[in-house]
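Q: The structure under discussion is supplied below as structure tokens; questions concerning it will follow.
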Amino acid sequence: MITRFATLFSRLAALVAITALMTACGGGGGGGGGGFIDGPGDGGTEDAYFLTLTLEDADGNPTNTVSTSRPMTLRVKVSRRSANGAAISDALVSAQADLGTLTPATALSNSEGFAVFTLEAGSDRGAGAITASVTNDDGVETTQTLNYQVGSPGLRLGHFEDGLFIENEIGVNPGTDLVYRGSAELFVDIVDENGERVTSTESVTLRSNCLATGKAELDPASPLETSTGSATTTFTAIDCAGDDEITATLSGSSGTAFVTLSIGSPRANSLTFVSADPDLIVLKGTGGGANRQESSIVTFRVVDSSNNPLPDVDVNFSLTTSIGGLALTPSSDTSDDDGLVQVTLLSGDVATAVRVIASVLAGDGTGQTLSTVSDILTVSTGLPDQNSISLSVTEGFVVENGFSVDGIERTINVRMADKFNNPVPDGTSAVFTTEYGSIDPSCTTTNGGCSVTWRSQAPRYPTLPDTRNAVITIDSTGPVVGDLGPVRGGRSTILVTAIGEESFIDRNGNGIMDEAEQDLFDNLPEAFIDHNENGLFDPARAACEGSSSIACISGAEEIFVDFNNDNRYNSNTNPAWYNGLLCPPEGDGVWCSRSLLNVRASTTLILSAGEAFGWFFDLTRNGSSVTSVSEGNNYFFNIADIFNNRPPADSTITVEAEGGCILASQEEVTVPNNTSYGAFSVPVSISTESGDNEGSQSPVGCPTETGRGTITITLNLQEGTSPAPATYNCSWVNNAPAPAQADPNNPTCN
């Protein structure tokens, strides 16, 4: 609703104050250009003058319109060489105007370089020009002009309503109450002293707080030019809410008008989850560093029916669970200019999964509440647990020529997750060591995993003489399917460790190690690199003390990771407690321990020695070596290097039969990618149809035919030089029927 005239005096006073403030701040407008003169000479002199003309109203505001009711002040500044040059005082400035009266005709510039004149309107209306001139000490004159307009006297600003002119008030259509982001038409009329719309060209400027801050806009924009006595524009609230007072001023006149628009608060139509950073936080009191945070910033967005962001909307927050002391701060907040609102989730001392609920009053006027939830956030130890660490090799486990060539690489990958099998936080460190070759010392995770590079180089043999001399090689019997036992040559164990916790079975699902669950875990000793792959740290075994058994010798060079720095290997069996942050504070030292340990994983690389010492082949039947094959029997072709290790992955073994022999087994076999002990074995067999060339019979009078052929077996390596093939005889018996009157003495049978 418009309250007419009641606050007009206060509004006018505020307008005068605002105008004076703008003048003090050096506001532009109504100013002319600058004129420049040089002294004698081509290059100019230090006495060159520059003129700047400005026309101002009684309040000091720049303008270009003068009327009989509002004389204007002309200020001419004389400066040296440019508008920003030194002010010149006591310069004689002359000025004259086309319309109206300009007094005095001449004036001296003051200490600030200004000569001041007064311009009054006469009876004539229209546009004119002021011409100012000055002469420097060398007698050189320069002039500068400023255009202006003589307007009608006594102009008033307001609007017509039902034929009645309402002064000092801006008209609004359809009304002053706007919905959020709504629009209204603003219109003003300019009348003379007789109350008639003017026909001269006038300019109206509209201002408000929302317009000044860009939270509202006008179309067309201010100032509004009119020669009909009426001006109209559309006001649109963009991000403005509450009361916004609009002031209209008529240029060159004291005419002003006002209106206050009441803009509704934003109303939400939707609430969406944006992000949670990070989405995994650690238990209260266990954080530290950028990657072990105890809080997460959760962000939501409030939007309207057009999916535009809504500012200044109150949003309330809650949690799906508060177990362990989970908390939110603040409990409510107000959306910003982008519709965004944030809340901080603070971890408790119990591991759990949780969602943040955001709620807001719906914008449809029903009083209903809109709610949405965040993605799942995890409160955990942020530590890897033992059953969630794995180690893999990107390329093959068997390193081609790894026993003899330096610098062959393998990518070793570790992946880790916590008790809830969520990836560990980025930046979790993993430490590596290797039995043979070299390996990068560590890596830090991204998305739960990271990688290092292993490279072939020395060492490739055990260090201790007793262990080195015990390395088993293939004897005269050739490759053996299965394990020859320790000490195994060319096999390198790789160990990765990370600070973490043991795994346990959480029977009641409360996320902690309860007293009733104290036996439901796998106890871990200190980690060690297991050279002989028997799962035992042999140097610490009582059975190996002073023992010369091959089992003890093969593990004599094993080393452990001294996690607690006590210079001795700990089996962690006294007491055998669960170690991890899921041990509750009341259980620490009673049935479990909150102390951490090393989780670990191992894998094995095989350093192939085939090119260094040759590849060894052996054809066997029923476990015994043979030199030929015959139809109807099953054979195995075994391939290994000198340490009885298989060929590299993706190598192929091809078997070709000639001379009437027909294969019943596969013609090509690919070596799989694994670290199994022993030689790689390929089954070989000859078909009972060997010799039956298209079903032919034995010659007339001959007994059943027999024959011989060959099979050739070839190892095809992906890298390096493949060895020569192995060739074996094969024999067969023709099973085609012979004639009833067979004569073995028939010469065609030979």
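The values are calculated or read from the model by the stated rules, or taken from the named source; none is laboratory data. Remember, it's a predicted structure, so these values are computed and weren't measured experimentally. No Cβ is skipped: glycine too gets one built from the backbone with ideal geometry, and neighbour counts run over all protein chains shown.
Q: Restricting attention to region 562-579, and to residues there that are of a type outside the set (Ser, Thr, Tyr) and in contact with a Pro (Cβ under 7 Å, 6 or more places away or on another chain), which single residue is surrounded by the fewest Cβ atoms within 10 Å (Cβ to Cβ)?
A: Here the answer is 570.
Q: Looking at (1) touching a residue at least 24 places away in the same chain (Cβ under 8 Å); (2) out of contact with any Asp or Glu (no Cβ under 7 Å at 6 or more places or on another chain), which is the only condition residue 418 fails?
A: It is condition (2) that residue 418 fails.
Q: Return the pair list, or none, for Cβ contacts closer than 6 Å from residues in region 366-393 that are at positive phi to residues that are at pLDDT below 90 and of a type in the set (Val, Ile, Thr), at least 6 apart or on different chains.
A: Sorted first by the residue in region 366-393, then by its partner, the pairs are 382/282.
Here is a yes/no grid of residues against (1) among the hydrophobic types (A, V, I, L, M, F, W, C); (2) modelled with pLDDT of 95 or more; (3) under 22 Å from the mean Cα position of the chain (by Cα); (4) within 30 Å of residue 618 (Cα to Cα):
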position	(1), (2), (3), (4)
392	no, yes, no, no
396	no, no, no, yes
424	yes, no, yes, no
428	no, no, yes, no
434	no, yes, no, no
441	no, yes, no, no
451	no, yes, yes, no
456	no, yes, no, yes
474	yes, no, no, yes
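Q: Something else now. Restricting to region 663-697, give me the number of residues that are surrounded by fewer than 20 Cβ atoms within 10 Å (Cβ to Cβ) and modelled with pLDDT under 90.
A: Summing the residues that are surrounded by fewer than 20 Cβ atoms within 10 Å (Cβ to Cβ) and modelled with pLDDT under 90 in region 663-697 gives 9.
Q: Still on this structure, please answer the following. Only one of 106, 145, 135, 131 is in contact (Cβ under 8 Å) with a residue 12 or more places away in the chain, surrounded by fewer than 19 Cβ atoms within 10 Å (Cβ to Cβ), touching an Asp or Glu at 6+ places or on another chain (Cβ under 6 Å) and farther than 16 Å from residue 252 by Cβ; which?
A: Details: 106 fails: touching an Asp or Glu at 6+ places or on another chain (Cβ under 6 Å); 145 fails: touching an Asp or Glu at 6+ places or on another chain (Cβ under 6 Å); 131 fails: touching an Asp or Glu at 6+ places or on another chain (Cβ under 6 Å).
Residue meeting the stated conditions: 135.
Q: Are any residues in region 344-374 of a type outside the set (A, V, I, L, M), out of contact with any Gly (no Cβ under 9 Å at 6 or more places or on another chain) and at pLDDT 80 or above, and if so, which ones?
A: Within region 344-374, 344, 355, 359, 369, 371, 372, 374 meet the criteria.
For every residue, the table says whether it meets (1) of a type in the set (A, V, I, L, M); (2) in a strand (DSSP E or B).
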| site | (1), (2) |
| --- | --- |
| 321 | no, no |
| 324 | no, no |
| 328 | yes, yes |
| 333 | no, yes |
| 336 | no, no |
| 341 | yes, yes |
| 344 | no, yes |
| 349 | no, no |
| 359 | no, yes |
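Q: Out of 1, 72, which single residue is within 30 Å of residue 156 (Cα to Cα), modelled with pLDDT under 90, buried (at least 19 other Cβ atoms within 10 Å of the Cβ) and not aromatic (Phe, Trp, Tyr)?
A: Every option except 72 fails the conditions.
Q: What number of residues within region 109-127 satisfy the criterion of being more than 16 Å from residue 76 (Cα to Cα) and surrounded by fewer than 19 Cβ atoms within 10 Å (Cβ to Cβ)?
A: 7
Q: Please specify each residue of region 249-288 satisfying the condition of being within 30 Å of residue 203 (Cα to Cα) and either touching a Lys or Arg at 6+ places or on another chain (Cβ under 7 Å) or outside any strand (DSSP E or B) (or both).
A: 251, 252, 253, 254, 255, 258
Q: Given the criterion under 23 Å from residue 511 (Cβ atoms), over 24 Å from the mean Cα position of the chain (by Cα) and touching a residue at least 12 places away in the same chain (Cβ under 8 Å), identify the matching residue among 264, 285.
A: 285
Q: Could you tell me how many of the residues in region 515-573 are among the hydrophobic types (A, V, I, L, M, F, W, C), more than 15 Å from residue 487 (Cβ to Cβ) and part of a helix (DSSP H, G or I)?
A: 4
Q: Here is a list: 467, 493, 445. Which entry is closer than 30 Å to residue 637 by Cα, surrounded by 14 or more Cβ atoms within 10 Å (Cβ to Cβ) and in contact with an Asp or Glu (Cβ under 8 Å, 6 or more places away or on another chain)?
A: Numbers: 467 fails: closer than 30 Å to residue 637 by Cα; 445 fails: closer than 30 Å to residue 637 by Cα.
Criteria check complete, one pass: 493.
Q: Assess whether residue 111 counts as being under 30 Å from residue 85 (Cβ atoms), assigned to a loop (DSSP other than H, G, I, E, B) and not aliphatic (A, V, I, L, M).
A: Judged against the criteria, residue 111 is a match.
Q: Just checking, which of 533, 526, 545 is among the acidic types (Asp, Glu) and crowded, with 20+ Cβ neighbours inside 10 Å?
A: Exactly one of 533, 526, 545 is among the acidic types (Asp, Glu) and crowded, with 20+ Cβ neighbours inside 10 Å, namely 526.
Q: Which condition does residue 507 not pass, out of (1) part of a loop (DSSP other than H, G, I, E, B); (2) surrounded by fewer than 17 Cβ atoms within 10 Å (Cβ to Cβ); (3) charged (D, E, K, R); (4) out of contact with any helix residue (DSSP H, G or I) (no Cβ under 8 Å at 6 or more places or on another chain), if it passes all the others?
A: Condition not satisfied by residue 507: (4).
Q: Identify the residue in region 717-750 that is of a type in the set (Gly, Ala, Ser) and at pLDDT 55 or above and, among all such residues, is farthest from residue 627 (Cα to Cα).
A: Taking region 717-750 as the starting set, the residues that turn out to be of a type in the set (Gly, Ala, Ser) are 720, 722, 724, 726, 731, 736, 738, 740, 742.
The next check asks that each one be at pLDDT 55 or above; those that pass are 720, 722, 724, 726, 731.
Working: 720: 28, 722: 22, 724: 17, 726: 10, 731: 12 Å.
Checked region 717-750; the qualifying residue farthest from residue 627 (Cα to Cα) is 720.
Q: Would you mind finding the one in 415, 410 that is in contact with a Cys (Cβ under 9 Å, 6 or more places away or on another chain) and either at pLDDT below 90 or of a type in the set (D, E, K, R) (or both)?
A: From the options 415, 410, the qualifying one is 415.
Q: More than 30 Å from residue 74 (Cβ to Cβ) and either in the same structural domain as residue 70 (by TED's automatic domain parsing) or at pLDDT 90 or above (or both): is that true of residue 215 in this structure?
A: Spelling it out, residue 215 is indeed more than 30 Å from residue 74 (Cβ to Cβ) and either in the same structural domain as residue 70 (by TED's automatic domain parsing) or at pLDDT 90 or above (or both).
Q: Regarding residue 710, is this residue modelled with pLDDT under 95 and assigned to a strand (DSSP E or B)?
A: For residue 710, the condition - modelled with pLDDT under 95 and assigned to a strand (DSSP E or B) - is met.
Q: List the residue pairs whose Cβ atoms are under 6 Å apart, where the first residue sits in region 231-244 and is free of Cβ contacts under 8 Å to residues at least 40 places away in the same chain, the second is surrounded by 15 or more Cβ atoms within 10 Å (Cβ to Cβ) and of a type in the set (Ser, Thr, Tyr), and the two are 6 or more positions apart or on different chains.
A: Within 6 Å, the pairs are 243/260; 244/208.
Q: Then there's this: Quick one: which residue in 559, 553 is in contact with an Asp or Glu (Cβ under 6 Å, 6 or more places away or on another chain), surrounded by 13 or more Cβ atoms within 10 Å (Cβ to Cβ) and not small (Gly, Ala, Ser)?
A: Sole residue among the options that is in contact with an Asp or Glu (Cβ under 6 Å, 6 or more places away or on another chain), surrounded by 13 or more Cβ atoms within 10 Å (Cβ to Cβ) and not small (Gly, Ala, Ser): 553.
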